[in-house]
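Structure first, commentary second.
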Amino acid sequence: MPRIAYVNGRYVPHAQASVHVEDRGYQFADGVYEVCAVKNGRLLDEGPHLDRLDRSLRELRIDPPMARPALRVVLREVMRRNLLRDGLLYFQVTRGVAPRDHAFPAHAASSLVVTARPVDLVKAQARAEEGVRAVTHPDIRWKRCDIKAVALLPNVLAKQAAKEAGGYEAWLVDETGHVTEGSSTNAWIVDTDGNLVTRALDSAILGGITRRMLMQVAQEAGVHIIERPFTVEEAKAAREAFITSATSFVTPVTQIDDAVIGNGRPGSVAMRLRELYIMASEALAQA
Ligand code: PDD
(Lines give C-alpha, C1' and ligand atoms only; values in the text may rest on other atoms or scores of the structure.)
Protein backbone atom coordinates (compact mmCIF):
# COMPACT_ATOMS: atom_id res chain seq x y z
CA MET A 1 0.00 0.00 0.00
CA PRO A 2 1.34 3.48 -0.80
CA ARG A 3 1.91 5.65 2.23
CA ILE A 4 1.45 9.33 1.59
CA ALA A 5 1.36 12.11 4.15
CA TYR A 6 0.17 15.69 3.80
CA VAL A 7 2.62 18.25 5.19
CA ASN A 8 1.93 21.97 4.90
CA GLY A 9 0.49 22.01 1.41
CA ARG A 10 2.29 19.01 -0.09
CA TYR A 11 1.53 15.32 -0.45
CA VAL A 12 4.78 13.49 0.20
CA PRO A 13 5.93 9.88 0.65
CA HIS A 14 5.42 9.02 4.32
CA ALA A 15 9.08 8.04 4.79
CA GLN A 16 10.18 11.50 3.72
CA ALA A 17 7.48 13.50 5.47
CA SER A 18 9.02 15.93 7.93
CA VAL A 19 8.54 19.28 9.63
CA HIS A 20 11.05 21.97 10.49
CA VAL A 21 13.15 21.53 13.66
CA GLU A 22 11.71 24.79 14.98
CA ASP A 23 8.12 23.76 14.53
CA ARG A 24 6.48 24.67 17.84
CA GLY A 25 4.78 21.31 17.96
CA TYR A 26 8.20 19.69 18.05
CA GLN A 27 9.74 22.14 20.53
CA PHE A 28 6.85 23.02 22.86
CA ALA A 29 4.10 20.48 22.09
CA ASP A 30 2.28 23.67 21.05
CA GLY A 31 -0.37 22.04 18.93
CA VAL A 32 -3.53 19.99 18.81
CA TYR A 33 -4.68 16.90 16.97
CA GLU A 34 -7.54 14.63 16.03
CA VAL A 35 -7.84 10.94 15.24
CA CYS A 36 -10.77 9.78 13.11
CA ALA A 37 -11.72 6.24 12.28
CA VAL A 38 -12.29 5.28 8.64
CA LYS A 39 -14.57 2.35 7.90
CA ASN A 40 -15.49 1.08 4.45
CA GLY A 41 -13.80 4.16 3.00
CA ARG A 42 -15.89 6.56 5.09
CA LEU A 43 -14.78 8.92 7.82
CA LEU A 44 -16.72 8.30 11.02
CA ASP A 45 -18.02 11.18 13.13
CA GLU A 46 -16.20 13.71 10.96
CA GLY A 47 -18.32 16.76 11.88
CA PRO A 48 -17.89 16.35 15.66
CA HIS A 49 -14.14 15.73 15.26
CA LEU A 50 -13.77 18.92 13.20
CA ASP A 51 -15.87 20.83 15.75
CA ARG A 52 -13.58 19.62 18.52
CA LEU A 53 -10.49 20.58 16.49
CA ASP A 54 -11.91 24.09 16.11
CA ARG A 55 -12.55 24.27 19.84
CA SER A 56 -9.03 23.08 20.75
CA LEU A 57 -7.55 25.65 18.35
CA ARG A 58 -9.72 28.43 19.79
CA GLU A 59 -8.81 27.56 23.37
CA LEU A 60 -5.10 27.80 22.51
CA ARG A 61 -5.48 30.74 20.11
CA ILE A 62 -3.89 28.84 17.23
CA ASP A 63 -5.09 29.95 13.79
CA PRO A 64 -6.93 27.27 11.80
CA PRO A 65 -4.57 26.22 8.98
CA MET A 66 -7.39 26.42 6.43
CA ALA A 67 -11.16 26.65 6.23
CA ARG A 68 -13.16 23.53 7.02
CA PRO A 69 -14.22 22.69 3.44
CA ALA A 70 -10.55 22.77 2.36
CA LEU A 71 -9.53 20.60 5.31
CA ARG A 72 -12.22 18.08 4.41
CA VAL A 73 -10.78 17.94 0.89
CA VAL A 74 -7.26 17.34 2.25
CA LEU A 75 -8.49 14.56 4.56
CA ARG A 76 -10.22 12.83 1.65
CA GLU A 77 -7.21 13.26 -0.60
CA VAL A 78 -4.98 11.61 2.02
CA MET A 79 -7.48 8.74 2.28
CA ARG A 80 -7.59 8.43 -1.51
CA ARG A 81 -3.84 8.49 -2.01
CA ASN A 82 -3.40 5.88 0.71
CA LEU A 83 -6.22 3.69 -0.64
CA LEU A 84 -7.54 3.75 2.91
CA ARG A 85 -10.69 1.70 3.48
CA ASP A 86 -10.41 0.72 7.13
CA GLY A 87 -8.04 2.61 9.34
CA LEU A 88 -7.26 5.86 11.07
CA LEU A 89 -6.68 9.41 9.94
CA TYR A 90 -4.40 11.52 12.14
CA PHE A 91 -4.28 15.27 11.74
CA GLN A 92 -2.27 17.74 13.72
CA VAL A 93 -2.16 21.52 13.77
CA THR A 94 0.64 23.41 15.50
CA ARG A 95 1.35 27.09 16.02
CA GLY A 96 3.90 26.85 13.23
CA VAL A 97 7.61 27.44 12.76
CA ALA A 98 9.39 30.29 14.57
CA PRO A 99 12.64 30.97 16.45
CA ARG A 100 12.37 29.32 19.86
CA ASP A 101 10.61 31.64 22.30
CA HIS A 102 7.93 30.57 24.75
CA ALA A 103 5.61 33.46 23.88
CA PHE A 104 3.53 33.22 20.70
CA PRO A 105 5.36 34.26 17.52
CA ALA A 106 4.08 37.45 15.90
CA HIS A 107 4.05 35.94 12.42
CA ALA A 108 3.87 32.20 12.00
CA ALA A 109 1.53 30.20 9.82
CA SER A 110 -0.02 27.17 11.53
CA SER A 111 1.41 23.84 10.43
CA LEU A 112 -0.90 21.06 9.27
CA VAL A 113 0.12 17.42 8.99
CA VAL A 114 -2.22 14.58 7.99
CA THR A 115 -1.32 10.88 8.00
CA ALA A 116 -3.30 7.70 7.38
CA ARG A 117 -2.84 4.20 8.67
CA PRO A 118 -4.74 0.99 7.94
CA VAL A 119 -6.20 -0.94 10.87
CA ASP A 120 -6.97 -4.63 10.97
CA LEU A 121 -10.64 -4.55 11.93
CA VAL A 122 -10.77 -8.31 12.37
CA LYS A 123 -8.04 -8.08 14.99
CA ALA A 124 -9.79 -5.14 16.67
CA GLN A 125 -13.06 -7.09 16.77
CA ALA A 126 -11.26 -10.12 18.22
CA ARG A 127 -9.76 -7.89 20.90
CA ALA A 128 -13.22 -6.59 21.78
CA GLU A 129 -14.61 -10.12 21.95
CA GLU A 130 -11.75 -11.15 24.21
CA GLY A 131 -11.80 -8.04 26.45
CA VAL A 132 -8.78 -6.09 27.65
CA ARG A 133 -7.03 -5.38 30.92
CA ALA A 134 -6.82 -1.86 32.31
CA VAL A 135 -4.04 -0.97 34.73
CA THR A 136 -4.55 1.97 37.09
CA HIS A 137 -2.01 4.76 37.19
CA PRO A 138 -1.91 8.16 38.90
CA ASP A 139 -3.23 10.96 36.70
CA ILE A 140 -0.38 13.48 36.65
CA ARG A 141 -1.64 15.55 33.71
CA TRP A 142 -2.25 19.30 33.48
CA LYS A 143 -5.57 20.95 34.28
CA ARG A 144 -6.83 21.37 30.70
CA CYS A 145 -7.30 17.78 29.58
CA ASP A 146 -10.42 18.93 27.71
CA ILE A 147 -8.10 20.33 25.02
CA LYS A 148 -6.84 17.68 22.60
CA ALA A 149 -3.24 18.89 22.78
CA VAL A 150 -0.31 16.92 21.38
CA ALA A 151 1.39 17.22 24.80
CA LEU A 152 0.83 13.60 25.81
CA LEU A 153 3.86 12.75 27.94
CA PRO A 154 1.89 11.71 31.06
CA ASN A 155 -0.40 9.63 28.82
CA VAL A 156 2.61 8.01 27.17
CA LEU A 157 4.17 7.13 30.53
CA ALA A 158 0.90 5.73 31.87
CA LYS A 159 0.29 3.63 28.77
CA GLN A 160 3.82 2.27 28.86
CA ALA A 161 3.45 1.36 32.55
CA ALA A 162 0.17 -0.41 31.71
CA LYS A 163 1.82 -2.27 28.86
CA GLU A 164 4.73 -3.35 31.03
CA ALA A 165 2.20 -4.63 33.57
CA GLY A 166 0.52 -6.73 30.88
CA GLY A 167 -2.37 -4.34 30.30
CA TYR A 168 -3.87 -2.80 27.19
CA GLU A 169 -4.90 0.58 28.60
CA ALA A 170 -4.03 2.70 31.61
CA TRP A 171 -6.89 4.03 33.72
CA LEU A 172 -5.84 7.35 35.19
CA VAL A 173 -6.78 7.97 38.81
CA ASP A 174 -7.07 11.41 40.39
CA GLU A 175 -6.03 12.40 43.93
CA THR A 176 -9.42 11.42 45.34
CA GLY A 177 -9.22 7.86 44.01
CA HIS A 178 -11.62 8.47 41.12
CA VAL A 179 -10.95 7.35 37.57
CA THR A 180 -10.67 10.29 35.19
CA GLU A 181 -10.26 8.46 31.86
CA GLY A 182 -7.89 6.16 29.98
CA SER A 183 -4.56 7.28 28.56
CA SER A 184 -6.23 7.57 25.14
CA THR A 185 -9.83 6.52 25.81
CA ASN A 186 -12.82 7.43 27.95
CA ALA A 187 -13.65 5.08 30.83
CA TRP A 188 -17.06 3.61 31.63
CA ILE A 189 -18.65 1.11 33.97
CA VAL A 190 -22.04 -0.58 34.13
CA ASP A 191 -23.24 -0.48 37.75
CA THR A 192 -25.09 -3.27 39.52
CA ASP A 193 -28.44 -1.72 38.47
CA GLY A 194 -27.43 -1.79 34.81
CA ASN A 195 -26.82 1.97 34.50
CA LEU A 196 -23.95 3.34 32.43
CA VAL A 197 -21.62 5.43 34.54
CA THR A 198 -18.96 7.76 33.14
CA ARG A 199 -17.38 10.92 34.43
CA ALA A 200 -19.15 14.17 33.47
CA LEU A 201 -17.31 16.47 31.09
CA ASP A 202 -14.95 18.88 32.80
CA SER A 203 -11.37 19.98 32.30
CA ALA A 204 -10.10 16.69 33.83
CA ILE A 205 -11.04 14.64 30.76
CA LEU A 206 -11.25 14.88 27.01
CA GLY A 207 -14.77 15.13 25.64
CA GLY A 208 -14.56 12.00 23.54
CA ILE A 209 -16.50 11.98 20.29
CA THR A 210 -17.13 8.26 20.68
CA ARG A 211 -18.34 8.99 24.24
CA ARG A 212 -20.82 11.52 22.90
CA MET A 213 -22.09 9.34 20.06
CA LEU A 214 -22.36 6.37 22.40
CA MET A 215 -24.53 8.39 24.78
CA GLN A 216 -26.98 9.06 21.97
CA VAL A 217 -27.02 5.42 20.96
CA ALA A 218 -27.43 4.25 24.58
CA GLN A 219 -30.28 6.68 25.20
CA GLU A 220 -32.07 5.46 22.08
CA ALA A 221 -31.60 1.90 23.32
CA GLY A 222 -33.16 2.82 26.67
CA VAL A 223 -29.97 2.46 28.69
CA HIS A 224 -29.82 4.92 31.59
CA ILE A 225 -26.67 7.05 31.80
CA ILE A 226 -25.30 8.61 34.96
CA GLU A 227 -22.50 11.15 34.53
CA ARG A 228 -20.46 11.10 37.69
CA PRO A 229 -16.99 10.11 38.80
CA PHE A 230 -16.44 6.52 39.99
CA THR A 231 -13.70 5.10 42.15
CA VAL A 232 -11.30 2.30 41.27
CA GLU A 233 -12.97 0.11 43.94
CA GLU A 234 -16.37 0.73 42.41
CA ALA A 235 -15.06 -0.11 38.96
CA LYS A 236 -13.53 -3.35 40.19
CA ALA A 237 -16.90 -4.35 41.65
CA ALA A 238 -18.90 -3.21 38.60
CA ARG A 239 -20.97 -5.51 36.45
CA GLU A 240 -19.07 -4.39 33.35
CA ALA A 241 -16.39 -1.93 32.34
CA PHE A 242 -15.33 -0.62 28.94
CA ILE A 243 -13.40 2.03 27.07
CA THR A 244 -14.37 4.21 24.12
CA SER A 245 -12.32 6.02 21.48
CA ALA A 246 -12.04 6.48 17.73
CA THR A 247 -9.35 3.77 17.78
CA SER A 248 -11.15 1.20 19.93
CA PHE A 249 -14.86 2.11 19.36
CA VAL A 250 -16.32 0.35 22.43
CA THR A 251 -13.95 -2.23 23.91
CA PRO A 252 -14.84 -4.23 27.03
CA VAL A 253 -12.49 -4.16 30.01
CA THR A 254 -12.53 -7.57 31.69
CA GLN A 255 -9.81 -6.96 34.23
CA ILE A 256 -8.72 -3.88 36.20
CA ASP A 257 -5.32 -4.42 37.80
CA ASP A 258 -5.75 -7.91 39.30
CA ALA A 259 -9.52 -7.73 39.73
CA VAL A 260 -11.68 -9.66 37.30
CA ILE A 261 -14.77 -7.72 36.17
CA GLY A 262 -18.06 -9.61 36.23
CA ASN A 263 -17.51 -13.16 35.04
CA GLY A 264 -14.30 -12.20 33.25
CA ARG A 265 -15.96 -12.14 29.83
CA PRO A 266 -16.96 -9.01 27.85
CA GLY A 267 -20.27 -7.74 29.16
CA SER A 268 -23.47 -7.90 27.14
CA VAL A 269 -24.20 -4.17 27.52
CA ALA A 270 -20.77 -3.18 26.21
CA MET A 271 -20.95 -5.60 23.28
CA ARG A 272 -24.43 -4.46 22.32
CA LEU A 273 -23.44 -0.80 22.53
CA ARG A 274 -20.35 -1.53 20.43
CA GLU A 275 -22.52 -2.96 17.70
CA LEU A 276 -25.04 -0.11 17.90
CA TYR A 277 -22.31 2.53 17.89
CA ILE A 278 -20.61 1.08 14.80
CA MET A 279 -23.92 0.80 12.96
CA ALA A 280 -25.00 4.33 13.86
CA SER A 281 -21.70 6.03 13.01
CA GLU A 282 -21.44 4.15 9.71
CA ALA A 283 -24.99 5.15 8.82
CA LEU A 284 -24.19 8.83 9.55
CA ALA A 285 -20.84 8.85 7.72
CA GLN A 286 -20.56 10.90 4.57
CA ALA A 287 -18.49 9.83 1.60
N1 PDD B 1 -7.44 9.47 21.78
N2 PDD B 1 -9.42 10.58 26.24
C3 PDD B 1 -8.19 10.79 25.76
C4 PDD B 1 -7.14 11.26 26.70
C5 PDD B 1 -7.91 10.56 24.41
O6 PDD B 1 -6.68 10.79 23.92
C7 PDD B 1 -8.95 10.09 23.56
C8 PDD B 1 -8.70 9.84 22.10
C9 PDD B 1 -10.21 9.87 24.11
C10 PDD B 1 -11.38 9.39 23.27
O11 PDD B 1 -11.78 10.39 22.36
P12 PDD B 1 -12.47 10.02 20.97
O13 PDD B 1 -13.65 9.17 21.30
O14 PDD B 1 -12.85 11.31 20.39
O15 PDD B 1 -11.46 9.25 20.15
C16 PDD B 1 -10.42 10.14 25.45
C17 PDD B 1 -7.03 9.28 20.41
C18 PDD B 1 -7.79 8.20 19.73
C19 PDD B 1 -5.53 9.08 20.37
O20 PDD B 1 -4.86 9.84 21.05
O21 PDD B 1 -5.04 8.22 19.65
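Fraction of C-alpha pairs exceeding 15 angstrom in the stretch 108-173: 67 percent, rounded to a whole number.
Across all Cα pairs in the stretch 88-145, the calculated P(r) in 10 Å bins from zero up to the longest distance comes to 15, 21, 32, 20, 12, 0 percent per bin.
Which value in Å is the Kirkwood Rh of the stretch 204-283 over different Cα pairs?
Working: mean 1/r = 0.0753 Å⁻¹.
One over the average 1/r among Cα pairs gives 13.3 Å for the stretch 204-283.
Given +1 at the Cβ of Lys and Arg, -1 at the Cβ of Asp and Glu and no other charges, the dipole of the chain around its Cα centre is 1040 debye to the nearest 20. From the Cα gyration tensor of the stretch 175-220, with a ≥ b ≥ c the square roots of its eigenvalues, which class applies: rounded if a/c is under 1.5, or else prolate if a/b is larger than b/c, or else oblate? Note, shape of the stretch 175-220 comes out oblate. Counting only heavy atoms of protein chains, what accessible area per residue, in Å², does the stretch 102-258 have with a probe of 1.4 Å? Solvent-accessible surface per residue comes out at 45 Å².
Work out, in µm²/s and without decimals, the Stokes-Einstein translational diffusion coefficient of the stretch 21-76 at 4 °C, 1.567 mPa s, Rh from Kirkwood over C-alpha pairs.
Details: Rh = 12.6 Å.
Value of D from the Cα-based Kirkwood radius: 103 µm²/s.
Between the residues Leu196, Ala162, Leu152, the greatest Cα displacement towards the positive end of the dipole of the chain, with unit charges on the Cβ of Lys, Arg, Asp and Glu, is found for Leu152.
In a DSSP loop and with at most 16 other Cβ atoms within 10 Å, the GluC sites (Glu not before Pro) in the stretch 1-92 are Glu22. Just checking the listed ones, Ala67, Ala103, Ala15: in the Gaussian network model of the chain with Cα springs under 10 Å, the one fluctuating most is Ala103.
Convex hull over the alpha-carbon atoms of the chain: what's its volume per residue in Å³? Before the final figure, lay out each step's value.
On the way: hull volume 37.1 nm³, N = 287.
Here the figure is 129 Å³ per residue.
Cross-link partners of Lys39 among lysines, defined as those whose alpha carbon lies under 21 angstrom from its own and excluding same-chain residues fewer than eight positions apart: Lys123.
In debye, nearest 20, what is the charge dipole magnitude of the stretch 100-224 about its Cα centre with +1 on Lys and Arg Cβ and -1 on Asp and Glu Cβ, if you could check?
Details: 14 positive and 15 negative charges, 105 e Å.
Dipole magnitude for the stretch 100-224 comes out near 500 debye.
Largest GNM mean-square fluctuation across His137, His224, His178, computed for the chain with C-alpha springs under 10 Å, falls on His224.
Loop only by DSSP, 11 or fewer other Cβ within 10 Å of the Cβ. Give me the GluC sites (Glu not before Pro) in the stretch 134-225 that pass, ordered by residue number. Before the final figure, lay out the partial values.
Values: sites: Glu164, Glu169, Glu175, Glu181, Glu220; in loops: Glu175.
Here the GluC sites (Glu not before Pro) that fit, given the DSSP loop and packing criteria, are Glu175.
Ranking request for peptides 26-32, 89-95, 70-76: highest mean number of other beta-carbon atoms within 10 Å first, then the rest in descending order.
Numbers: 26-32: 19.4, 89-95: 22.7, 70-76: 16.3.
Going by the mean number of other Cβ atoms within 10 Å, highest first, we get 89-95, 26-32, 70-76.
Each 10 Å bin, from zero up to the one with the longest distance, holds this percent of the alpha carbon pairs of the stretch 165-259: 16, 56, 26, 1.
Distant-in-sequence amide contacts of Val253, defined by a placed amide H-H separation under 5 Å and a gap of 5 or more residues or a different chain, comprise Val132, Ala241, Phe242, Ile243.
Considering only Leu214, Ala67, Tyr90, the residue lying farthest towards the positive end of the dipole of the chain is Ala67, judged by Cα position with unit charges set on Cβ. Close amide H partners of Ala98, meaning residues 5 or more places away or on another chain with modelled amide H under 5 Å apart, are Arg24. Helix content alone sets the calculated 222 nm mean residue ellipticity of the chain: runs of n ≥ 4 DSSP H residues at -39500 (n - 2.57) each, divided across all residues, give -9500 deg cm²/dmol. Our estimate of slack between Glu220 and Leu284, defined as 0.36 nm per intervening residue step minus the Cα-Cα distance, is 21.5 nm. Counted over the chain, the DSSP beta bridges are approximately 80% antiparallel.
The values are calculated or read from the model by the stated rules, or taken from the named source; none is laboratory data. All values reported here derive from a predicted model rather than from experimental measurement. For neighbour counting, all protein chains shown are included, and Cβ atoms are generated from backbone atoms with ideal geometry for every residue, glycine included. The area values use the complete protein model at the heavy-atom level, side chains included, leaving out ligands, DNA and RNA. Shrake-Rupley method; radii C 1.70, N 1.55, O 1.52, S 1.80 Å.
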